[in-house]
Every structure is written in structure tokens, then in C-alpha cells.
Amino acid sequence: YRISYDPTRYPKYIPEAYCLCKGCLMGIFGEENFHFRSTPVYMPTVILRRTSSCAGGRYVYTEDYVTIPVGCTCVPEQEKEAESVNSSIDK
């Protein structure tokens with residue numbers, strides 16, 4: 001995880017996941033398999049964003065929706081042959 005910091009946001013600190021590998025760790029010994037790719041999983045989240053206005057000596061906040069990476073998952077890598085077949089179908 002990496003920590004995202006924004007002083008105008010509540011919460012100010014948000015942990016964000018990032019994938020360490022290009023492929024996926026599989027098998028008995030956890031070898032990296034490049035037939036799969038590691039892809040982030042996102043979750044929509046509500047945060048409070050501080051506005052430039054004040055009310056009664058306090059900051060005013062508005063709701064804001066952001067998408068945060070919360071983890072990684074494995075997805076099959078497309079084969080090059082399948083890509084060429086799909087591109088010929090599109091033509």
C-alpha cells in the first residue's frame with residue numbers, strides 16, 4: 001500500500017493498493033506466471049472535500065466520490081492470436 005495525502009480532504013490519509021508484480025504468483029512455489037496479469041481492484045468511496053468558504057469560523061465540506069485501489073487480482077492475459085482474430089472480425 002501507498003499512503004495518499006491531501007490536506008483538503010477528510011480523511012487526509014488514504015491507503016491505496018498497488019500491484020507489485022506484472023504477472024501473478026501461482027503454483028506450489030509461488031512462481032510468477034505471465035499468462036495472467038496483476039490488475040488493481042477499485043472501490044468507490046465517499047470523502048469530504050474542504051471548500052474555500054467558512055461558516056461560523058469552521059470549514060465547509062462537500063461530499064465527493066473517488067475511486068480507490070483496494071487490492072490486486074489476477075486476470076488472464078489475452079493471447080496474441082485471439083487479438084488478431086478479433087481485430088479481423090472488427091474490420
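Gain in length, Met26 to Lys12, computed as 0.36 nm per residue apart minus the alpha-carbon separation, to one decimal in nm?
Length gained, Met26 through Lys12: 1.4 nm.
If I measure Cβ to Cβ between cysteines in the chain, which ones have no partner under 4.7 Å?
Cys21, Cys54, each lacking another Cys Cβ under 4.7 Å.
Using 5 Å bins from zero, what percent of all Cα-Cα pairs in the chain falls into each bin?
3, 12, 13, 14, 12, 10, 10, 9, 7, 5, 3, 2, 1
For Gly71, what residues show an amide H to amide H distance below 5 Å, using hydrogens built from the backbone and excluding near sequence neighbours?
For Gly71, the qualifying residues are Ala17, Val41.
Output the 0 to 90 degree angle, nearest 10, between the alpha-carbon long axis of helix 80-90 and the longest principal axis computed from the alpha carbons of the chain.
It is inclined by approximately 80 degrees.
No value in this document is a laboratory result; all are computed from the given coordinates. Because the structure is a prediction, the values reported are computed rather than measured. When we count neighbours, we look across all protein chains shown, and the Cβ atoms used for this are built from the backbone with ideal geometry, even at glycine.
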